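Engineer: So that we are looking at the same thing, I have put the structure below in structure tokens.
Just so it is clear, none of the values below were taken in a lab; they were calculated from the coordinates. Please read all numbers here as calculations on a predicted model, not as lab measurements. All Cβ positions, glycine included, derive from the backbone under ideal geometry; neighbour counts span all protein chains shown.
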Amino acid sequence: MTDIVLAADLGGTNLRIAAVGRDGTILERSKIATPRDSKPDRLFSALVEIANDCLKKCEKVNLTAIAIAVPATVDACKGILLDAPNLPELNGFGIVSALEEEMNVKVFLENDANAAAIGESWLGATKNFEDSIMVTLGTGVGGGIIIDGKILRGPDGTAGEIGHINVEPCGHPCGCGSHGCLEQYSSATAVVRMANELAAENPDSKLAGVDKLTSKHVYQLGLESDEDALAVFKKQGFYLGLALSGLINSLNPEAIVFGGGAAAAWDLFMPELLEQIGKRTYLTPAERVKLFRSELGDDAGILGAAHLGFENVDHN
Ligand SMILES: [Zn+2]
């Protein structure tokens, strides 16, 4: 019998689950589009369904735990989702006790960016470092901070919310209630908004010629050296550079790893990001810190959740 954790990544678009072995081998996977409703019931039923589906596909396994990565701040001890801006129907939902009752196995909960940071630190880009930071650039900007090999959660579960570091005091309004958060300048959503703003100012811009602009369009134009698209990525890099400089000075990380779909534009935002780090950090921590792209891609969160599941079962 092989010990497995069923590790789920509960995203706003897809609900993915994988049966993961102790060494991080993914044995089986299941995936469905995330069902949306005003209540958590449909989403919960879908989670139970794909967990059973994935388990059925496995042969000779011993299910030790289920671990779920969610786009939300979580109370990991109580097993409750606190604030899920992209899946608000789950706010306050006690997913752990509900799933433990249904599946009759221990269940653990983690914020998705924290899970990705744990995954990269277990098997990915930051595996040789004790102190690292994960930045996820997607619909929003997520973060996970690992210090002395352990994820930093804070007493309220909100530690590592890098996306809500303020980088413009009177900037664009943010979903968290503040203004000018990093997320409003460096997420994939922000890339599209900033490109549309430029297009509105300059109707002759190639950005203005694209119907329903996406971050991929902006990236493609950037690769073609379009000046307006490059200006958008420069802005994205500038604000990331501001926030990361503060983190380099205050936390002295050995490594920073970038994941999420918008990290694909690495070549286009990195020059300005490095320029800002060069201007704004102490020399010694800036020379030490190494910057990487995610090695585990979409599986970082699933593998991190699986690792957390094994750790919790083994040490409790
Ligand atoms: Zn915010």
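Engineer: What does the charge add up to near E272, with Lys and Arg as +1, Asp and Glu as -1, over the other residues with Cβ less than 11 Å from its Cβ?
Structural biologist: Taking every other residue near E272 into account, the sum is +2.
Engineer: Relative to the longest principal axis of the chain, what angle (0 to 90°, nearest 10) does the C-alpha long axis of helix 266-280 take?
Structural biologist: So the helix axis and the longest Cα principal axis differ by about 70 degrees.
Engineer: Do any GluC sites (Glu not before Pro) in the stretch 184-231 lie in a loop, going by DSSP, with at most 13 other beta-carbon atoms within 10 Å of their beta carbon, and if so which?
Structural biologist: E224
Engineer: Can you tell which of G237, G180, G259 shows the greatest fluctuation in a Gaussian network model of the chain with Cα springs below 10 Å?
Structural biologist: The residue that fluctuates most here is G180.
Engineer: If you don't mind, there's one more thing I want to ask. When the helix-only estimate is applied to the chain (DSSP H runs of n ≥ 4, each -39,500 (n - 2.57), divided by the residue count), what is the mean residue ellipticity at 222 nm, nearest 500 deg cm²/dmol?
Structural biologist: -12500 deg cm²/dmol
Engineer: Report, for the chain, the % of DSSP beta bridges that are antiparallel, rounded to 5.
Structural biologist: Of those bridges, close to 55 percent are antiparallel.
Engineer: OK, next. Kindly provide log₁₀ I(q)/I(0) values, in the same order as q = 0.15, 0.17, 0.18 Å⁻¹, from the Debye equation applied to equal alpha-carbon scatterers of the stretch 22-158.
Structural biologist: Rounded to two decimals, the profile gives -0.84, -1.07, -1.18.
Engineer: Considering all projection directions equally, how large on average is the shadow of the alpha-carbon convex hull of the chain, in square nanometres?
Structural biologist: 16.7 nm²
Engineer: Cross-link list K212/K234; K31/K106; K206/K279; K39/K106: which exceed 27 angstrom alpha carbon to alpha carbon?
Structural biologist: In this structure, K206/K279 lie more than 27 Å apart at Cα.
Engineer: Treating the angle as unsigned and between 0 and 90°, give the value, to the nearest 10°, between the Cα long axis of helix 300-315 and the longest Cα principal axis of the chain.
Structural biologist: Roughly 40 degrees between the two axes.
Engineer: Hey, another quick one. What net charge is computed for the residues neighbouring G143, neighbours being all others with C-beta under 13 Å from the C-beta of G143, Lys and Arg scored +1, Asp and Glu -1?
Structural biologist: Net charge in that neighbourhood comes out at -3.
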